[in-house]
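The values are calculated or read from the model by the stated rules, or taken from the named source; none is laboratory data. Note that this is a predicted model, so its numbers are computed, not measured. Here Cβ is always computed from backbone atoms with ideal geometry, including for glycine, and neighbour counts include all displayed protein chains.
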């Protein structure tokens, strides 16, 4: 192989074979859920599942099936962003990040599931359904949100917003099948 051919092969490999430095990053598929980059994490339910989450560009995927344990299953993160959630749906409040904070992968429909969050600050919840409609909540219990209902199989995008622009708050995001669980039942973030 000529020296120039080797250089082109190496350059192509470094640039993702596209030849353009601004080419989009490849999509990594983990357990059937797509997320940008290769850094995405999949959280499976099991005893003591309290995975810390940072405001990094790699959203976390939570995969649930009916009867999951522990119930509630929780993950932690930081709220907020610069996007007005009302631009997604008029019923949504707060300021969220451009990319979802979490993905929820549901293989088998939940007749009833609650997605809820607890924070010392005023936070909001935005859930994009697999059919691209939105369920949003603000102040279900104090300043903590909760969305409850039927969750068909599919992938859900979840954002935790801050009610006030320019603020961030730690949060615990929970998933439960139990009707008695409220945001105040989640561990403090």
Selection from the stretch 129-144 of residues within 15 Å of the chain's Cα centre (by Cα) and surrounded by 21 or more Cβ atoms within 10 Å (Cβ to Cβ) yields 136
Only one of 162, 119, 188 is out of contact with any helix residue (DSSP H, G or I) (no Cβ under 6 Å at 6 or more places or on another chain) and exposed (fewer than 14 other Cβ atoms within 10 Å of the Cβ), namely 188
- prompt: Taking the condition in contact (Cβ under 8 Å) with a residue 40 or more places away in the chain, over 19 Å from residue 94 (Cα atoms) and buried (at least 21 other Cβ atoms within 10 Å of the Cβ), does residue 114 pass?
  reply: yes
Per the list (1) within 24 Å of residue 99 (Cβ to Cβ); (2) part of a loop (DSSP other than H, G, I, E, B), residue check on residue 181 breaks on (1)
What about residue 141, is it at pLDDT 95 or above and out of contact with any strand residue (DSSP E or B) (no Cβ under 7 Å at 6 or more places or on another chain)? yes
Among residues of the stretch 170-185 being within 22 Å of residue 111 (Cα to Cα) and over 18 Å from the mean Cα position of the chain (by Cα), the residue surrounded by the fewest Cβ atoms within 10 Å (Cβ to Cβ) is 180
Residue count, the stretch 79-93, condition farther than 21 Å from residue 62 by Cβ and surrounded by 13 or more Cβ atoms within 10 Å (Cβ to Cβ), comes to 6
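Conditions tested, residue by residue: (1) in contact with a strand residue (DSSP E or B) (Cβ under 8 Å, 6 or more places away or on another chain); (2) surrounded by 14 or more Cβ atoms within 10 Å (Cβ to Cβ); (3) over 20 Å from residue 128 (Cβ atoms); (4) at pLDDT 95 or above.
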site: 38; (1), (2), (3), (4): yes, no, yes, no
site: 45; (1), (2), (3), (4): yes, yes, yes, no
site: 48; (1), (2), (3), (4): no, no, yes, no
site: 58; (1), (2), (3), (4): yes, yes, no, no
site: 69; (1), (2), (3), (4): no, no, yes, yes
site: 73; (1), (2), (3), (4): yes, yes, no, yes
site: 77; (1), (2), (3), (4): yes, yes, no, yes
Residue 24 passes all but one of the listed conditions (1) at pLDDT below 95; (2) loosely packed, with under 13 Cβ neighbours inside 10 Å; (3) assigned to a strand (DSSP E or B); the exception is number (3)
I'd like to check something: does the stretch 99-111 contain any residue that is within 20 Å of residue 143 (Cβ to Cβ) and crowded, with 24+ Cβ neighbours inside 10 Å?
yes
